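Derivation of every value follows stated rules applied to the coordinates shown; laboratory data play no part. On a predicted model such as this, the values are computed, not experimentally measured, just so you know. Neighbour counts run over all protein chains shown; Cβ positions are idealised from the backbone, glycine included.
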Amino acid sequence: MIAHHVRPWQSLDGLWDFTFLGAADLQGFDPARVKYTDGLPVPAAFDALPMYAGKRGAAVYRKPFTVPAGHPARLDFGAVTMWTRVYVDGVPLKEHACGYSPFRVEVPASEAAERELVVLVDNRFDFERVPMHEEYFDFYQYGGIIRSVGLNVLPANGPHIDAVQVTPTAEYREGGVSVRVRLGGELPQRIKLGAAFDGGGTQWLEVVPMSGEVVLALRVPHPRVWSMENPILHVLRVSLADPEGKQADDLAVRFGLRRIETAGTELRLNGEKLILKGYNRHEWHPNFGPCTPRLQMFIDLRMMRDMGCNFIRGCHYPQDQEFLDLCDELGFLVWEENLGWGQREKTFQSEKFATDHAEALEEMVEASFNHPSIIMWGFLNEAGSDHEYAREIFEQTAATLRRLDPSRLVTSASMYSTQDLFFHLADVVSINIYPGWYGCEGAEAPLELIKARVDDEAKWIDEHGCADKPLLVSEIGAEGLYGWHDPHNDFYTEEYQAEYLRLACESTLGNSRYCGIALWHFSDVRTYGGGWSMKRPRTFNNKGTVTEYRQPKLAYRAVKAVFRRE
Ligand code: ADA
C-alpha cells in the first residue's frame, strides 16, 4: 500500500475508450488515426470478457488526464499484458514486454494541462517482440490493462521521492529499520527529509543524497512485531521540504517488523521454526480472467485459512498489489516470483529475453519490497535447470535478487530432482513433483508412489550437497473433475484426488526434512488454447482443490484434516 498526503495522486481506473484492432501493424501505428468503437473498464483483460473472448491481436485504449501546466508527471501501470507501447499527446514514451510486472512512465511537463494517454497493447505471441510470454505456458495469457493505473503529479522544480524501501534490521523487535529513499528530479546538494511513523510527528533531517539515494537508520517509536497470528502493520511517511521549508512531496508506505531466515534445514520467522502449509495460486476467475476482484481474493484467502494454510506461492508471475496487501493484513506468507515457465535453450539465448527478464525482476522487487507477507523471491519455474545453458541466467538472477533485497530468501521451483544443476544457488531448495500422476503408466498402485518419492527426494538432496538447506515441496497434485465419481476411484475422480492430496500432505509434513508444502493448485484454472491443451479436459488445469467458481471438491476436507492436525 502506498499513499500521498501532499503529492497530487489520482487513480485512472474506470471506463476508457477502446478499440480492438486485431492483426494491426504495430510499426505503422498512428494514435491520431484510431477510431474508438467501444468503452472498456480498466483494469480488465479484454479477452476475458464475452465480447472479445479468445481474441488475439492489437487493441488500443485512450484516456484523457489533467496535469497542471509546467509539472512533470508519472504514470504507474500495475500490469499491461502482454506487450504495450504508451503514448502521451501522440508521443511514444515507453514500450514494455512483460505482461505481469508493474512499470512506470515518466511524462514530461507541458504548457497544456489537458493531456491524452493512449495505450497500444498486443496479446499475440511473438518470440522476437515479447519473449517472456510463450504459448506453451500452462495458464491462459490474456491481453489488456489488467491492473490499476495511477497518475502522480510531480513538483515543477526540484526533487521528488521515487521510492521508499523499509527493511527491518536485526533490532526489528525494538523498531530498528533501514530506510532507503530514492529521489528523482533535480537534486540539490543537501535536502530536507522528513520521516513520520504511524501518523505521529515528523522528524526532519538534513541529508546529502549519494547517487540519488539516501539510506537512514531509523526506529519505529511504538514497535509491534508482524506475525501470522498478529499481522500488525506500521506506516512510514517520508516527505521532502523545499528551500522555504514547505512540504513539496511525500510518499507513505506500509511495512511490517518481522524477520525471515534459515537456520540449517529450518525456516524461521521471527526466530521461530516455520512449517509452510499452503497452495500455489494463479490470479484467476472465469468471469474476470486475471483481474480477480478484491472480494474474491479475500474469499480465496479465507478458504485457505479454513483449510489450515499459512502460505501461498504466487505462481508464476509478479502478484497484484491488492492481493499482497490482503496477505499482509491477514497474516499469510507469500512466495512471489518473476514470470517464467518451463523455458529452454532458445529462450536463454535471446538477448531481448535477458533484458526483459532482468527488468521485470527489478520491477517486481521494487513494487513489492515493503510487503511483510513476502518471505521469498522465486524465478524461472521448471526452466531448464538440468542444463548448462541455463547456468548464466540462473546465477545472474539469484545474484540480482540478493542485490535488490538481501533481507529475503531466494528460490526457484525445479522439476529435475537428481538432474538439477543449480539447487546450490537457492536459500530454499524447492521441488515440483507429481508421483502418482505424471509418468506412472503401468504402476499398479500409483498412490503408493507418493510417499516413496517424497522420501527419496529428501535423501537425494542431502546426498548432493544441499543437506544444509531447507527443502520445500513447491508443487504436487492430481486432477479431479468436479462431480466425477466412479467405482474405480481412478484418475480424475474426486476420490483419487482427495486421497492423493491427503497422502502428499501426510508424507511431506511427516518427513522432518521438509519445511513445508505448496499443493498444486488452489482452484481450477483456464490453460493454454491452440491445441496445447489436449491433455487438459475443458482446456482447464483441473488440479484445483476447489473449482474455478470455488466449489470445494472432496479434496478440500482431506487437505483440511491434515493441515489442521499437523
Ligand atoms: C508444472 C507447472 C505448473 C503446472 C503443473 C501441472 O509443475 O509448474 O504450472 O503446469 O506442472 O499441472 O502439470
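In terms of packing, defined here as the mean over residues of other Cβ atoms within 10 angstrom, the peptides 438-450, 404-416 line up highest first as 404-416, 438-450. Each peptide in 255-262, 213-220 was scored by the mean count of other Cβ atoms within 10 Å over its residues; highest first, the order is 255-262, 213-220. Using only side-chain charges placed at the Cβ, +1 for Lys and Arg and -1 for Asp and Glu, the dipole size of the stretch 418-468 relative to its Cα centre rounds to 100 debye. Which of rounded, prolate or oblate describes the stretch 9-153 when judged by the alpha-carbon gyration tensor and an a/c cut-off of 1.5? Prolate shape, in that a/c is at least 1.5 and a/b is the bigger ratio.
Going from the fewest other Cβ atoms within 10 Å to the most, the residues 303, 51 appear in the order 51, 303.
Shown here for the stretch 43-144: GluC sites (Glu not before Pro) in loop regions (DSSP other than H, G, I, E, B) with at most 10 other Cβ atoms within 10 Å, namely 111, 128. Take every pair of alpha-carbon atoms less than 8 Å apart whose residues are at least six positions apart; their mean separation over the length of the chain yields a relative contact order of 12 percent. Checking every one of the trypsin sites (Lys or Arg not before Pro) in the stretch 1-60 against DSSP loop status and a limit of 10 other Cβ atoms within 10 Å picks out 35.
Using the crude model of +1 on Lys and Arg Cβ and -1 on Asp and Glu Cβ, and no other charge, please compute the dipole size for the stretch 519-566 relative to its Cα centre, in debye to 20.
Working: 11 positive and 3 negative charges, 27 e Å.
Approximately 120 debye in magnitude.
Would you work out which of 331, 239, 304 lies farthest towards the positive end of the dipole of the stretch 229-377? Charges go on Cβ: Lys and Arg +1, Asp and Glu -1. The Cα lying farthest towards the positive end belongs to 304.
Among 228, 82, rank each residue by its count of other Cβ atoms within 10 Å, from fewest to most, as a rough exposure measure. Don't jump to the answer; show the numbers that get you there.
On the way: 228 17, 82 27.
Ordered by Cβ neighbours within 10 Å, fewest first: 228, 82.
Since only 496, 349, 179 are under comparison, the one whose Cα sits farthest along the positive direction of the charge dipole of the chain, derived from C-beta charges on Lys, Arg, Asp and Glu, is 179.
Rounded if a/c is under 1.5, else prolate if a/b beats b/c, else oblate: with a ≥ b ≥ c from the C-alpha gyration tensor eigenvalues square-rooted, which is the stretch 159-255? It is prolate, given that a/c is not under 1.5 and a/b is the larger ratio.
Between residue 438 and residue 26, what FRET efficiency comes out of the Förster formula 1/(1 + (r/R0)^6) with R0 = 30 Å and r the beta carbon distance, rounded to 0.05?
So the FRET efficiency works out to roughly 0.20.
Residues 273, 560, 352 in ascending order of nearby Cβ atoms (within 10 Å, fewest first): 273, 352, 560.
From the square roots a ≥ b ≥ c of the eigenvalues of the alpha-carbon gyration tensor of the chain, which class results: rounded (a/c under 1.5), prolate (a/b over b/c), or oblate? If you can, show how the numbers build up before the last one.
Details: a/c = 1.91, a/b = 1.31, b/c = 1.46.
Oblate shape, in that a/c is at least 1.5 and b/c is the bigger or equal ratio.
Dipole magnitude for the chain: computed about the Cα centre from +1 point charges on Lys and Arg Cβ and -1 point charges on Asp and Glu Cβ, it is near 1140 debye.
Rounded to the nearest 500, the 222 nm mean residue ellipticity of the chain from helices alone is -5500 deg cm²/dmol, with -39,500 (n - 2.57) taken per DSSP H run of at least 4 residues.
Among the lysines of the stretch 260-475, pairs that are 8 or more positions apart or on different chains and have alpha carbons within less than 23 Å of each other number 8.
For residue 392 and residue 174, FRET efficiency with R0 = 30 Å and r from the beta-carbon atoms, rounded to 0.05? Please list the in-between numbers first.
Numbers: r = 42 Å, r/R0 = 1.40.
Working from the Cβ atoms, E equals 0.10.
Which one of 217, 465, 381 is farthest out on the positive end of the charge dipole of the chain, using unit charges on Cβ (Lys, Arg +1; Asp, Glu -1) and the Cα centre as origin? Sorting the options by dipole projection puts first 217. When only alpha carbons are used to place a centre, the stretch 27-97 and the stretch 488-566 end up 38 Å from one another.
Between residue 93 and 86, 87, 88, the built amide H atoms are under 5 Å apart, and every one of these is 5 or more places off in sequence or on another chain.
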